[in-house]
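Scroll down for the structure; my scribbles are underneath it.
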Amino acid sequence: MALQDLTPQLRTRLRRVEKIVGVFVLLAALVLVVGFAYYLYHTAQRKGWLIPKCPYFTFVESGEGLKVGDPVVLMGFEVGNITVITAQPPGSYNKVYLGMEIRSPYYGYIWSDSKARVEAAGLLGNRMLEITPGVSGEPTVHEVGGIITELRVRSGNYVPIARIRKGAYIDPEEEPSLSDRAQKLVGTIEKALPNILSLTNQIYTVLTNTAQLTATANQVMADTHPLVTNLTAITDNLRDPHGSLGEWAIPNDVHTNLAALTASLNDTILNLAAITSNLNSQVEANDKMLSQISRLVVNTDNLVQGLKRHWLLRGVFEKMNSKTNAPPATAPSTNVQPATTAAPQK
């Protein structure tokens with residue numbers, strides 16, 4: 001139905017609806033534009049599009065595990081991205097050219113003694129690019145008012161940034177790629193494989209000998225089992241008082257004979273003691289009699305000596321002495337010494 005066929009009231013309402021729809025579309029387009037601008041702004045901030053950047057480059061032996069857009073790490077922070085990975089011309093000493101951009105203010109940490117270290121990241125052959133901060137070198141960037149004016153080149157001179165397209169150079173420090181390390185590992189394994197096989201054979205021989213030795217030891221243990229049983233029985237007999245070594249060496253009848261002999265010796269000793277006691281008693285009793293006899297002998301001797309000195313009997317004793325004590329016909333030699341007269345015993 002054509003618009004002219006509508007009534008004026010319907011036409012007025014339709015125009016109002018068209019205006020409202022137009023305003024809504026304009027608002028939606030404005031919100032979309034604002035959102036897109038906000039997204040671009042935050043993306044630019046996140047990726048550093050609005051931050052000043054400084055170009056750097058280095059050379060590596062292989063671009064394996066690296067790709068354009070990979071982050072560049074400095075002190076654990078993502079400070080830039082890889083921008084270029086390309087091969088050098090044939091015959092060049094350096095193989096692969098690697099370009100990167102470093103955001104402000106991180107390029108202030110990169111000095112002439114910094115290194116571009118390429119190392120493995122993960123087990124899938126990926127690699128990462130890390131720059132070490134400078135310690136004792138010279139800064140690679142000169143700034144004036146926050147704007148980069150000069151860069152340090154490989155010769156050590158500073159050149160305006162407009163004359164340098166590649167940027168400042170960083171010495172590389174590259175670890176072998178995963179494929180190179182795998183190839184090296186395979187080569188090492190191939191060289192060591194004969195030795196490993198020989199060692200395996202030796203281990204097998206040792207295990208075989210060990211098994212045989214174990215079987216022999218088991219047989220020896222089985223053979224010595226009766227001996228161990230006998231030793232156990234002997235030990236039990238030795239620990240038993242009724243089967244001790246003493247009873248084996250000295251039978252029971254010997255013990256009885258020894259007991260009887262001991263009793264006899266005891267009786268003999270007692271009898272000997274009684275005899276000794278009796279002799280002692282008799283000696284003590286005879287002691288008085290002997291003293292009396294000794295006294296009688298002394299008194300008799302005194303009496304005889306007194307009779308010898310008496311005037312009446314002196315002559316008789318002198319005649320008796322002259323007869324009994326006459327000297328011998330031959331005089332004794334003068335060399336013989338006279339015998340010593342023993343003292344009379346009482």
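The values are calculated or read from the model by the stated rules, or taken from the named source; none is laboratory data. None of these values were measured; they are calculated from a predicted model. All Cβ positions, even for glycine, are placed from backbone atoms using ideal geometry, and neighbour counts span all protein chains on display.
Quick check on the range 63-105: of everything there that is in a strand (DSSP E or B) and charged (D, E, K, R), which residue is surrounded by the most Cβ atoms within 10 Å (Cβ to Cβ)? So the residue we want is ARG103. Exactly one residue out of THR232, THR216 is outside the structural domain of VAL96 (by TED's automatic domain parsing), more than 41 Å from the chain's Cα centre (by Cα) and hydroxyl-bearing (Ser, Thr, Tyr), and it is THR232. Working only within the range 129-160, note down all residues that are surrounded by 17 or more Cβ atoms within 10 Å (Cβ to Cβ), closer than 21 Å to ILE85 by Cα and among the aliphatic types (A, V, I, L, M). Answer for the range 129-160, where residues must be surrounded by 17 or more Cβ atoms within 10 Å (Cβ to Cβ), closer than 21 Å to ILE85 by Cα and among the aliphatic types (A, V, I, L, M): LEU129, ILE131. If you go through the range 106-134 and keep only what is under 19 Å from LEU74 (Cα atoms), in a loop (DSSP other than H, G, I, E, B) and at pLDDT below 90, you end up with ALA121, GLY122, ASN126. Does GLU150 satisfy the condition of being assigned by TED's automatic domain parsing to the domain that holds GLY65 and free of Cβ contacts under 8 Å to residues at least 12 places away in the same chain? Here the answer is yes, as GLU150 does meet what is asked. For the range 63-83, the criterion of being modelled with pLDDT under 90, touching a Lys or Arg at 6+ places or on another chain (Cβ under 8 Å) and assigned by TED's automatic domain parsing to the domain that holds SER155 is satisfied by at least one residue. In summary, ARG163 fulfils each of the numbered conditions (1) assigned by TED's automatic domain parsing to the domain that holds THR58; (2) surrounded by 10 or more Cβ atoms within 10 Å (Cβ to Cβ) with the single exception of condition (2). Number of residues in the range 166-203 that are out of contact with any strand residue (DSSP E or B) (no Cβ under 8 Å at 6 or more places or on another chain) and either in the same structural domain as ILE85 (by TED's automatic domain parsing) or not basic (Lys, Arg) (or both) equals 23.
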